[in-house]
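Let me begin by presenting the structure, written as structure tokens, before commenting on it.
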Amino acid sequence: AVLARIRQVDEDIRAYVTVTEEEALAASQAVDQRRKDGEKLPPLAGIPLGLKDNICTRGVRTTCSSRMLENFIPPYSATIVEKLNNCGAVVTGKLNMDEFAMGSSTEFSAFFPTHNPWDLECVPGGSSGGPAAAVAAGETIFALGSDTGGSARQPASFCGIVGMKPTYGLVSRSGVVPFASSLDQVGTLTKDVRDCALVLNVIAGHDPRDTATVSVDIPDYTTYLTGNIKGKRIGVPKELSGDGLDPKVAEVFKKALEKLEELGAIVDECSFPHAASAVPAYHIIAPAEASSNLARFDGVRYGYRAVPEEGAEYDLEEMYMKTRGEGFGPEVKRRIMMGTYVLSSGCYEKYYLKALKVRTLIRNEYQRLFQEYDLLVTPTSPDLPFRLGEEVDDPLKLYHSDSYTIPVNMAGLPAISLPCGFAKGLPVGMQFTAPVFADGEILQVAYAFE
Ligand code: GLN
């Protein structure tokens, strides 16, 4: 049914870079056979799964929506893909994204933009716009993305689905193409909170191939889905739910807070004074790490290599320059240049070290707030889904779209975005944030709200 749905709507939505139709059919028939044979099947047996195209799949093209990796076929699969395969999930294909996960609208894909299923003239958010649009349109049942500054939550919000960024270190990133390693986390995109818990049950846990993963006991996350949140203390940081907020989003958010109170939560306004520093600090730290991570794309080891005109020859340096000049798109180049600059001698202390200090302040701020509150709640994004082409030439405006999600990554916290209403016919999302490894509590509150 999902494959038929892809054939029916993907021409308009354009969520998929690659559909793995044959493999999906074979895998799903194998599950049917096992069911007929009376085998006890694993938890996600036969459930269709879409993957953001920066998650490596053995034998299947993994492009990061970049010319640089347009024809790259990885020799191994990401740990999370192996885990989901072992649980019987069936991969339907690879989903569109902003190139190397840099962007908030999926318009920086080197191939084509993806459209929002609720209004095809609007962006689906980004950088996991393909995964979010595919789940929202029924082109797959759940998807995995990545979230460095909001890339699972913001598109989930724009497409009216549930997007979660688990605690930094809870889920392995081995085989997920890195952007900014101290911020990157795998994100889930699901139709509802229960699905999110079921997926987290499978993908969470220590992996020796990602040394940032932590050995903690993984609970059964579905046990948190009790529906009871009486007495939960929920803080609303005014700096993350006021400045620059679309008034239509503000209206919907206000109603959502009332609903939380009706459910028995204690909702209180609080203050997060360093909130405004998060986006500028992020746009120093993330590009700095990206400039280092993306140095591997040099035209020598794998991926694209520029070819000189007939009769001409490149020396090594020319080959590097042409390869990277032709292989990367404008936003990726902007980040690499910015990152190289802030790491250069003279700038390192002034920008990079300073940004790290700001990051510590943000972390401390959260710690202080979590002594008083169990969770924090904000809108997921200050904006409603905007029109395709409207912001693509204005990077600063685009960066603004992540101002409520970025602080969470700076502190490594878990957060979820879930639908909380509509404005102008478009979905609005709200975001819950909790202390590290309180992923279960987040699901508990989100489930009760949903
Ligand atoms: N939109 C943010 C950026 O452009 C976050 C991206 C992400 O989380 N991968 O960097």
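A few points about this structure:
- Per the Kirkwood formula applied to alpha carbons, the stretch 305-367 shows a radius of gyration over Rh ratio, Rg over Rh, of 1.26.
- P(r) histogram, all alpha-carbon pairs of the chain included - 10 Å bins from 0, percent: 5, 22, 33, 26, 11, 3, 0, 0
- Annotation: the residues Leu361, Leu189, sorted from fewest to most other C-beta atoms within 10 Å of their own C-beta, follow the order Leu361, Leu189.
- Spin-label model distance (nm) - Leu25 vs Asn228, 7 Å beyond Cα toward Cβ: 5.0
- Note on the stretch 194-233: along the principal axes its Cα atoms extend 40, 23, 13 Å, ordered by decreasing extent.
- Partner lysines for Lys354 [C-alpha distance under 22 Å; skip if fewer than 8 residues away on the same chain]: none
- The trypsin sites (Lys or Arg not before Pro) of the stretch 30-136 that DSSP puts in a loop, and whose beta carbon has at most 15 other beta carbons within 10 Å, are Lys40, Arg58.
- Total formal charge among the other residues, if their Cβ is under 12 angstrom from that of Arg153, Lys/Arg +1 and Asp/Glu -1: -1
- The stretch 352-371 residues near the modelled Val214 label - backbone nitrogen below 16 Å, point 7 Å along Cα→Cβ: 363-364, 366-368, 370-371
- For the stretch 180-259, the Kirkwood hydrodynamic radius from C-alpha pairs, put into Stokes-Einstein at 25 °C and a viscosity of 0.890 mPa s, yields a diffusion coefficient of 150 µm² per second.
- For the stretch 192-350, the C-alpha radius of gyration divided by 2.2 N^0.38 Å, with N the number of residues, is 1.59.
- Square roots of five times the Cα gyration tensor eigenvalues for the stretch 337-450, Å: 29, 24, 9
- Relative contact order of the stretch 117-229: 24 percent, from C-alpha pairs under 8 Å at least 6 residues apart in sequence.
- Among Ala152, Ala132, Cys122 - extreme Cα towards positive end, dipole of the stretch 113-228, charges at beta-carbon: Ala152
- Pairwise label distance in nanometres, Asp315 with Asp394, each label 7 Å out on the Cα-Cβ vector: 4.5
- Shown is the FRET efficiency for Gln8 and Tyr76, computed with R0 = 30 Å from the Cβ-Cβ distance and rounded to the nearest 0.05: 0.35.
- Cross-link pairs beyond the 25 Å C-alpha cut-off, checked among Lys248/Lys333; Lys165/Lys397; Lys322/Lys397: Lys248/Lys333; Lys322/Lys397
- Shown for Met338, Met68, Met97: other C-beta atoms within 10 Å of each C-beta, ranked fewest to most, produce the order Met338, Met68, Met97.
- Summing charges over all other residues whose Cβ lies under 15 Å from the Cβ of Tyr352, with Lys and Arg as +1 and Asp and Glu as -1, gives +3.
- Between Glu450 and Val307, the contour length at 0.36 nm per residue exceeds the Cα-Cα span by 46.1 nm.
- Coarse-grained scattering of the stretch 1-104 at q = 0.15, 0.22 Å⁻¹, given as base-10 log I(q)/I(0) from a Debye sum over alpha-carbon atoms: -0.65, -1.20
- Reference-scaled alpha-carbon Rg (2.2 N^0.38 Å with N residues) for the stretch 56-167: 1.01
- A Cβ-based charge dipole, computed about the Cα centre of the chain with Lys and Arg at +1 and Asp and Glu at -1, lands at about 800 debye.
- Contour minus Cα-Cα distance for Asp192 and Lys322 (0.36 nm per residue): 42.3 nm
- Relative intensity, log₁₀ I(q)/I(0), of the stretch 265-423 from a Debye sum that treats every alpha carbon as a point, q = 0.16 Å⁻¹: -1.04
- Set of aspartates and glutamates near Lys259 by C-alpha distance (under 14 Å), chain-local residues within fewer than 8 positions excluded: Glu251, Asp268, Glu450
- Taking every alpha-carbon pair under 8 Å whose residues sit at least 6 apart, the chain reaches a relative contact order of 18 percent.
- Look at Arg209, Arg359 and count the other Cβ atoms within 10 Å of each Cβ; fewest to most, that gives Arg209, Arg359.
Just so you know, all these numbers are worked out from the coordinates, no wet-lab data involved. Note that the coordinates shown come from a computational prediction; the quantities given were computed from them, not determined experimentally. Don't worry about glycine lacking a Cβ; one is built from the backbone with ideal geometry, like all the others, and counts go over all protein chains shown.
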